[in-house]
Structures are given as structure tokens and as C-alpha cells.
Amino acid sequence: MHIDRIEIYYVRLPLIYPWKTAYGEDADIHSVLFRMVSGEHEGWGEATPFFAPTYSPETASTVFVLNEEVFGPLLVGRDFETAEALLDALRVFKGNPFAKAGPESAWWDLHARMTGQPLGRLLGAERATVEAGSDFGVQDTLDMLLEKIQGVVDQGFRRTKLKVRPGWDLEMLRVVRDAFPRHTFHIDCNSGYSLDDLPFFRAVDRLGLAMIEQPLFHRDLHDHAELQRQLETPICLDESVTSLRDFELALKLGSCRYLNIKIGRVGGVSVAKALHDRARDAGVPCWVGGMLESGVGAGLSIELAGLGNFTYPADLFPSAFFYCQDLTEPEMVLNPDCTFSLSTVPGTPYRPVPSRVEAATVRKAVVAARVSGSG
């Protein structure tokens, strides 16, 4: 596949309600869209590391600039028959998985559309639908949280993730568990705690949670292994695993019993699939995480979630859950059983609406192959 052109869109997407976590608060989501062109065909990808380096060391600005100035010029004008070959061209550059995932995910969508196949089929999906979970950040009040949880329980969601941070943790969890004794919950700590908080984790261990997601430092594996030895509740790694190498070390140390996989955090769709396969072989169940992407990135995640070892409901949401209007059509809508259907059309079904992308764009760059000429 010859890459003729990459268009890069830095977009800002206002949220219906601020996203509050252990690392801060976001009133809108800063994301980067990629339109990759080969001949008359196009594919779209997305990387969503947020505005500031709070979730990871990357930001939407670093993703945009690196692809405009470094990655894009290296990729455009070349042929890549596989996504692995594209990533291999970027291997000399250290880190920056979100920045690499942007063009890599666009390659997958482009390849699927050029070959006339749904992306899930290309990846080896084993199901036609994927189950979605519900997810709530820190809320203004406990009553607000309880009302929202009741809403998703009534809707039929089988699991709910709760963001925690110091001051919004144990008391909140006890109230929630008392109100919903049989519902499946897990917590996401977003690296907000340390081993000094072991008494807190031992109290949480008695609440019957499905897992504790990323409790400790965002690049740590050793302390997570120590914490896992102290608890019955499974530890799930998120921020700490950005590559297959990270996960191999986590397996060796015993750092987790679940793995959250996000396309952006690990550096692309092909790396996400490799992590899924390695976790499957190691007997570690996985689930697909999200970064509040638009329908572009969320559509890619739905296709990935069709793989067999994604056994826990995914962080996938209808468009109206976070945004007044998504950037894509058709709108992402849940099936009545709280699932999303995998694509039955080439690529993914969620295509960007040019006018919406333009309205949300903060910065745009075009990297195109040079046309040789005389004079």
C-alpha cells in the first residue's frame, strides 16, 4: 500500500459533563485524527492522549507535532504492506506510542477499506457483538453517582467502573456497594496511590470488586506485584503496560491478573492484538479500554474487542454518553442488550463528517508526497 498523503487534525471535543479522575479534570477532550490517503482510498485513525501529560507523558500537541514534523514525512511516499512494517519504520524513535498509533490505526482502516473487508474480520474477531460496560468519573455528589448507577443498572449494563481518588474512594465505595450489593463494580485509581495506602486497599479487598485498575505509579510493575501478593482482588494494569515488553515483565513479576488494552496507549492496533494474543496464551483475561475517543477511535476499538480473549465488558460508549454531537455518522448507538455490533462494511461503519471535523479542528497539517518536476 502506497501512502500518498496524511492529513492531521487536532480537534477539541466539549464534554457534556467534566471528566474527573485522580489526575485532574477535563472539560473537553483533545484528540488527533489522521486521514491517510492511498490513490482514491482513505482511512481514518485517532490518538487521544488528552490536552496535558496527566494520563501519560504524551499530549495531543506532541502527537500532532511529531506526526507533522517527523513521523508523517517519513511515512508519506512509501509503501507499507503491513502495519508492522509501518511501525518498524518508526522503531528508531523512542516511546510516543500514542503518536505512533495515530497513523498505524489509519493504516488498518485504509487497508480494510481497500480490501473490502470489515476491520474485525481482518483482525480475527470471534463474535458479531461486543459487550459495553458503564463508567463514571468522580461526581459532584454521592447522590448524583447513585442516580447514574441506577440508570445504567436499569438499562441492563452488567458492570460499572468507578474512578477513585483520595477523598473520593472508600466511603463512596461502601455507600455504592450497600446500594448495589449484587452489581459488578471495579475501580480505576489512575496511579493515584502508593504502597503506603495498603490499609485502604485491604479495606477495598473486602468489597467484592472485580478488579482494582492501575492503583500505583504509572510506569511501575514491581510495586504492583507486591500489592497483588497482598490482595485477593485482581490487579489490572493500564498505564504501566505500553508495549509487549512491559507485559512480559509484568507476567514474570506477577504484577496483574487482568490487562486493559488501549490502542493508543500501546502504540497501535497490531500491538494491541499482539498483547491480546500473549495475554490469552498466559491465561490473563483482557478488556478494551477507552480514552473518550470520537467515533473514529471508538469504532476501531469495537473491532478490536471482537477478539476472543476480551472477556470483560469494554469501555465503549454511545456517542450521546459524553458528547452532544460526535464527529462521525452513523451515531454510535447501543443494541438493546448493551452491546455494539461489529462492522459489516469495509473498515468501520463510523465515518467522519467533514463539517463537524472542521468545526472541531484547532490545528491542521497536511503531509503529502513531493511531486517532482522540472525547473
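The values are calculated or read from the model by the stated rules, or taken from the named source; none is laboratory data. Because the structure is predicted, anything quoted here is derived from the model rather than measured. Neighbour counts are summed over all protein chains in view; Cβ atoms, including those assigned to glycine, are modelled from backbone coordinates with ideal geometry. Areas reflect the complete protein model, heavy atoms only, side chains present, ligands, DNA and RNA absent. Shrake-Rupley method; radii C 1.70, N 1.55, O 1.52, S 1.80 Å.
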Output the helices (runs of 4 or more DSSP H) that fall wholly within the range 44-97 and possess 2 or more residues being among the aromatic types (Phe, Trp, Tyr), or say none.
none
Would you pick out the residues in the range 21-47 that are among the charged types (D, E, K, R), open to solvent by less than 30 Å² (accessible area, probe 1.4 Å) and more than 18 Å from Arg265 (Cα to Cα)?
Asp26
Show the residue pairs that are 6+ apart or on different chains and have beta-carbon atoms under 6 Å apart, the first residue being within the range 66-80 and closer than 12 Å to Asn96 by Cβ and without any contact (Cβ under 8 Å) to a residue 40 or more places away in the chain, the second being of a type in the set (D, E, K, R) and open to solvent by 10 Å² or more (accessible area, probe 1.4 Å).
none
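Quick one: how many residues across the range 268-311 are at positive phi and surrounded by 24 or more Cβ atoms within 10 Å (Cβ to Cβ)? Walk me through it before giving the result.
Initially, the range 268-311 is screened for residues at positive phi, giving 268, 283, 292.
Subset that is surrounded by 24 or more Cβ atoms within 10 Å (Cβ to Cβ): 268.
The number of residues fulfilling the criteria is 1.
Among the residues that make up the range 89-103, is at least one of them farther than 21 Å from Arg265 by Cα and in contact (Cβ under 8 Å) with a residue 40 or more places away in the chain?
Going through the range 89-103, the residues farther than 21 Å from Arg265 by Cα turn out to be none.
Looking through the range 89-103, none of the residues is farther than 21 Å from Arg265 by Cα and in contact (Cβ under 8 Å) with a residue 40 or more places away in the chain.
Filter the range 68-118 down to the residues that are at positive phi and open to solvent by less than 30 Å² (accessible area, probe 1.4 Å) and list them by number.
Keep residues of the range 68-118 that are at positive phi, which gives 77, 95-96, 116.
Correct list: empty.
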Restricting to the range 296-345, name every residue that is assigned to a helix (DSSP H, G or I) and of a type in the set (Ser, Thr, Tyr).
Ser301, Ser319
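When the residues of the range 247-267 are narrowed to those that are buried (at least 22 other Cβ atoms within 10 Å of the Cβ) and free of Cβ contacts under 8 Å to residues at least 40 places away in the same chain, which ends up nearest to Ile235 (Cα to Cα)?
Of the residues in the range 247-267, the ones buried (at least 22 other Cβ atoms within 10 Å of the Cβ) are 247, 250, 255-256, 259-267.
The next check asks that each one be free of Cβ contacts under 8 Å to residues at least 40 places away in the same chain; those that pass are 247, 250, 255-256, 259, 262.
Values: Phe247: 13, Ala250: 11, Ser255: 7, Cys256: 5, Leu259: 9, Lys262: 17 Å.
Step by step, filter the range 247-267, then rank; the result is Cys256.
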Between a first residue in the range 359-370 that is open to solvent by 90 Å² or more (accessible area, probe 1.4 Å) and a second residue that is in a strand (DSSP E or B) and of a type in the set (Ser, Thr, Tyr), which pairs have beta carbons less than 6 Å apart while being 6 or more apart in sequence or on different chains?
Lys364/Tyr9
Can we say Gly137 is at pLDDT below 95, open to solvent by less than 20 Å² (accessible area, probe 1.4 Å) and at negative phi?
yes
Which is more than 18 Å from Val357 (Cα to Cα), of a type in the set (Lys, Arg) and within 18 Å of the chain's Cα centre (by Cα), of Lys94, Lys100?
Lys100
Find the residue count for the range 155-200, including only residues that are open to solvent by less than 40 Å² (accessible area, probe 1.4 Å), of a type in the set (Lys, Arg) and assigned to a strand (DSSP E or B).
3
